[in-house]
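The values are calculated or read from the model by the stated rules, or taken from the named source; none is laboratory data. Treat the numbers as computed from the prediction; the structure is a model and nothing was measured. Don't worry about glycine lacking a Cβ; one is built from the backbone with ideal geometry, like all the others, and counts go over all protein chains shown. Ligands, DNA and RNA are excluded from the accessible area calculation, which covers all protein heavy atoms including side chains. Shrake-Rupley method; radii C 1.70, N 1.55, O 1.52, S 1.80 Å.
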Amino acid sequence: MSKILIVEDEEAIADLEKDYLELSDFDVTIETRGDDGLKKALSEDFDLVILDLMLPGMDGFEVCKHLREKKDMPVLMVSAKKDDIDKIRGLGLGADDYITKPFSPSELVARVKAHLSRYKRLVGSTTQKNDIIEIRGLKIDKTARRVYIDQEERNFTTKEFDLLTFLAENPNHVFTKEELFRKIWNMDSVGDIATVTVHIKKIREKIELDTSNPQYIETIWGVGYRFKA
Ligand code: CA
C-alpha cells in the first residue's frame, strides 16, 4: 500500500483528500503545519507528498526545498493562486506537479496515481545501474545515497554523505580542510573549516571500528585528510 503525506492546514480540504485517497487504498497521513510536515516527511518513508503552499510554521516553498535536499519522492504542490504556480516553476524547486484549488478530489487521485506509477517505473529502471563504491566492508550506494558497513546501514546526513563520497571517489589524494570545505559547502554561507573536522569525526564514528586508529579516512597532520584505498 502506498503511503501518502498530506501537508495542508485547511482541515476540510485535508479530510476530503484523505477520504478520496483512502477509497483508492492509499495509506494517508495528515500534517497541518509546514515544519511538522517536513519533519514527518524526513522521518518516515512516504511514496508521495501532497504539499499546500500557504502553511503555518514553514511555507510550501521552503518545505519542498528542504525535502528535496534529503529525499527523492514525487511532490505534488497545491495552491489557490495561479501566480504561485508560475513561481513554483520559476524557482525550480523540484516539485513534480502542481494543482490549483479548487480541484476535484478525483482529479487529485488520478494525478497521484500517475506520479506513483511513473516514479516506480523510473526507480525500477535504474536499480540495475546503482552507482556503488565498495572498499573493505564499506559500501556507498551513490544512487540511493546510503552507506553500509558490513551490510549494515548507517545513517548519514547530506553533508556527511557528500564528504565521505567525495573522499572515497578520490582515494589516496590528500585534501586540505579548506579544499574540502569549498568542495562540499561551496554554496553555503554558514560554517567554516572547523565544520570539516566535526563532520570527519562524525563520519568516523559511523564507519570506523576504532576511531583512534581509522582504517578509511586518515588524518595527515598539518595538511588535511585522505581516504585510504
Ligand atoms: Ca493553506
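Quick look at the values:
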{"read-out": "Filter pass, residue 32 being over 30 Å from residue 162 (Cβ atoms), among the hydroxyl-bearing types (Ser, Thr, Tyr) and at pLDDT 95 or above", "value": "yes"}
{"read-out": "Which numbered condition residue 193 fails, given (1) open to solvent by 70 Å² or more (accessible area, probe 1.4 Å); (2) at pLDDT below 95; (3) more than 20 Å from residue 69 (Cα to Cα)", "value": "(1)"}
{"read-out": "Candidates 54, 73, 77 - the one that is closer than 19 Å to residue 96 by Cα, within 12 Å of the ligand (Cβ to nearest atom) and not in a strand (DSSP E or B)", "value": "54"}
{"read-out": "Pair list, Cβ < 9 Å and 6+ apart or interchain, from segment 97-114 residues that are farther than 11 Å from residue 21 by Cβ to residues that are in a loop (DSSP other than H, G, I, E, B) and among the aliphatic types (A, V, I, L, M)", "value": "98/53; 100/80; 101/80; 102/80"}
{"read-out": "Residue in segment 16-37 that is within 16 Å of the ligand (Cβ to nearest atom), under 15 Å from residue 115 (Cβ atoms) and not in a loop (DSSP other than H, G, I, E, B) present", "value": "yes"}
{"read-out": "Some residue of segment 95-116 being over 30 Å from residue 145 (Cα atoms), acidic (Asp, Glu) and not assigned by TED's automatic domain parsing to the domain that holds residue 159", "value": "yes"}
{"read-out": "Residue ID - most open to solvent (accessible area, probe 1.4 Å), chosen from residues in segment 128-167 that are touching a residue at least 60 places away in the same chain (Cβ under 8 Å) and within 19 Å of residue 218 (Cβ to Cβ)", "value": "136"}
{"read-out": "Whichever residue in segment 1-14 is surrounded by fewer than 19 Cβ atoms within 10 Å (Cβ to Cβ) and away from the ligand (no atom under 14 Å from the Cβ) and, among such residues, is nearest to residue 56 (Cα to Cα)", "value": "3"}
{"read-out": "Near pairs, Cβ below 6 angstrom, 6+ apart or cross-chain, from segment 29-54 (open to solvent by less than 30 Å² (accessible area, probe 1.4 Å)) to any residue that is within 14 Å of the ligand (Cβ to nearest atom) and among the small types (Gly, Ala, Ser)", "value": "34/57; 51/60; 52/60; 53/60; 53/79"}
{"read-out": "Leading residue by the ranking (nearest to the ligand (Cβ to nearest atom)) among those in segment 57-67 that are open to solvent by 50 Å² or more (accessible area, probe 1.4 Å) and over 11 Å from residue 9 (Cβ atoms)", "value": "62"}
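Okay, residues lined up against (1) touching a Lys or Arg at 6+ places or on another chain (Cβ under 8 Å); (2) modelled with pLDDT of 90 or more:
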| site | (1), (2) |
| --- | --- |
| 2 | no, yes |
| 6 | yes, yes |
| 26 | yes, yes |
| 51 | no, yes |
| 67 | no, yes |
| 73 | no, no |
| 79 | yes, no |
| 89 | no, no |
| 102 | no, no |
